[in-house]
Amino acid sequence: MPGWQQEIRTATITRRKTTPILLFATAAEGEGSSSEENQDDAATTTTSTTSKSMGDPVRAATGIRPSLHPTTINAIADALKARAKSGDNDDTNNKSNSPKMVFRVSDTVQPLDVAVTAGTIAAAAISKRQEQSKDDDMTLTTVEERTIAGRVVGVIMRLDGLERQLHQKASSVRWIADYGEWDSFGVLEQENNDKANNNDDAVNRRIREDPLFCMNRAECLLGLFLNEVEIPQLQLKNETVPDESKIDFLDADRMEVLIESTAMKS
């Protein structure tokens with residue numbers, strides 16, 4: 001089991017309000033029953049229903065699975081927005097009975113508290129994705145669910161380090177400053193990386209006000225996580241995931257700065 005999964009192995013999340021899921025249990029659990037239920041549903045479907053077009057027939061015929069990245073990136077963006085809105089580890093905006101969302105370990109916040117926040121965000125994203133796909137034969141498998149959850153939790157548990165690394169990489173490339181391409185990486189030219197101050201108001205404000213900036217930041221953080229955490233750990237353990245950890249959501253410029261620069265140094 002990769003290290004980022006072990007960090008939150010004991011954290012539980014709830015999907016569809018009824019089914020508790022132990023994050024990253026064995027991949028084989030739960031696969032069979034889902035398949036049998038689908039077969040039973042198909043056997044009782046009426047002629048009028050079966051004549052209706054379901055999902056993408058070309059994708060279904062080729063066996064190509066939908067990308068896991070959009071769901072993962074959206075979840076990371078949701079985490080960034082939640083942190084920006086709440087003012088990291090701040091109780092003032094938590095007026096409901098739901099658990100406080102925390103994103104940074106401190107004297108009063110334990111790693112498991114952050115893991116629970118991350119698990120909650122991951123569960124919500126997966127549940128939304130499954131609900132949207134329930135009629136197109138492209139619902140996530142158990143392994144795909146756990147892959148998404150592992151990535152969302154892994155990024156959130158490492159936000160401070162990944163964000164520092166993102167800014168350092170962007171700052172080290174001259175053309176980003178020369179052409180004002182900071183937004184493409186979801187970073188500000190002058191970011192406050194002193195985490196003793198708990199949060200950077202300028203970054204949080206930009207995340208709240210600019211959805212594209214937030215999405216670009218989420219994409220870059222995921223790319224860094226895959227390249228520098230997930231892929232090395234999977235290689236070390238000779239394991240794999242459904243999409244083979246392919247980083248196919250970054251354009252050529254961002255790939256060069258974030259991914260290929262790392263490969264050249266190794």
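Criterion first (loosely packed, with under 14 Cβ neighbours inside 10 Å and farther than 26 Å from V102 by Cα) does S133 satisfy it? Spelling it out, it is not the case that S133 is loosely packed, with under 14 Cβ neighbours inside 10 Å and farther than 26 Å from V102 by Cα.
Taken over the stretch 199-240, the criterion of being among the acidic types (D, E) and either touching a His at 6+ places or on another chain (Cβ under 9 Å) or part of a loop (DSSP other than H, G, I, E, B) (or both) is satisfied by D200, D210, E219, E239. Restricting the first member to the stretch 208-225 and to residues that are under 13 Å from F185 (Cα atoms) and not assigned by TED's automatic domain parsing to the domain that holds R151, and the second to residues that are crowded, with 22+ Cβ neighbours inside 10 Å and polar (S, T, N, Q), the beta-carbon pairs closer than 7 Å and six or more apart or on different chains are L222/T72. Can you say whether E239 is of a type outside the set (A, V, I, L, M), touching a residue at least 60 places away in the same chain (Cβ under 8 Å) and farther than 19 Å from E163 by Cβ, as far as the supplied structure shows? Yes: the conditions hold for E239. Annotation note: Cβ proximity below 6 Å between a residue of the stretch 160-185 that is within 20 Å of A252 (Cβ to Cβ) and a residue that is surrounded by fewer than 18 Cβ atoms within 10 Å (Cβ to Cβ) (sequence gap 6+ or interchain) occurs for W182/E189. Screening the stretch 103-192 for helices (runs of 4 or more DSSP H) wholly inside it with 2 or more residues that are basic (K, R), in contact with a helix residue (DSSP H, G or I) (Cβ under 9 Å, 6 or more places away or on another chain) and not assigned by TED's automatic domain parsing to the domain that holds A77 returns the ranges 159-171.
Would you please name the residue that is modelled with the lowest pLDDT, looking only at residues in the stretch 61-82 that are small (G, A, S) and surrounded by fewer than 14 Cβ atoms within 10 Å (Cβ to Cβ)? Write out each step before concluding.
We begin by selecting, within the stretch 61-82, every residue small (G, A, S); these are 61, 63, 67, 75, 77, 79, 82.
From what is left, the residues that are surrounded by fewer than 14 Cβ atoms within 10 Å (Cβ to Cβ) are 61, 63, 67.
Numbers: A61: 64, G63: 69, S67: 95.
Out of the qualifying residues, it is A61.
Quick check: is even one residue across the stretch 244-252 within 19 Å of G186 (Cα to Cα) and assigned to a helix (DSSP H, G or I)? Taking every residue of the stretch 244-252 in turn, at least one turns out to be within 19 Å of G186 (Cα to Cα) and assigned to a helix (DSSP H, G or I). The residues of the stretch 233-248 that are surrounded by 15 or more Cβ atoms within 10 Å (Cβ to Cβ) and either modelled with pLDDT under 95 or farther than 16 Å from T141 by Cα (or both), listed by number, are Q233, L234, S245, I247.
Checking D136, D160 one by one, the residue that is closer than 18 Å to C214 by Cβ, at pLDDT below 95 and more than 13 Å from the chain's Cα centre (by Cα) is D160 and no other. Does at least one position in the stretch 190-202 carry a residue that is at pLDDT 95 or above and of a type in the set (A, V, I, L, M)? No.
The values are calculated or read from the model by the stated rules, or taken from the named source; none is laboratory data. Bear in mind that the values here come from a model prediction, so they are computed numbers and not experimental data. FYI the Cβ positions are ideal-geometry reconstructions off the backbone, even for glycines, and counts take in every protein chain you see.
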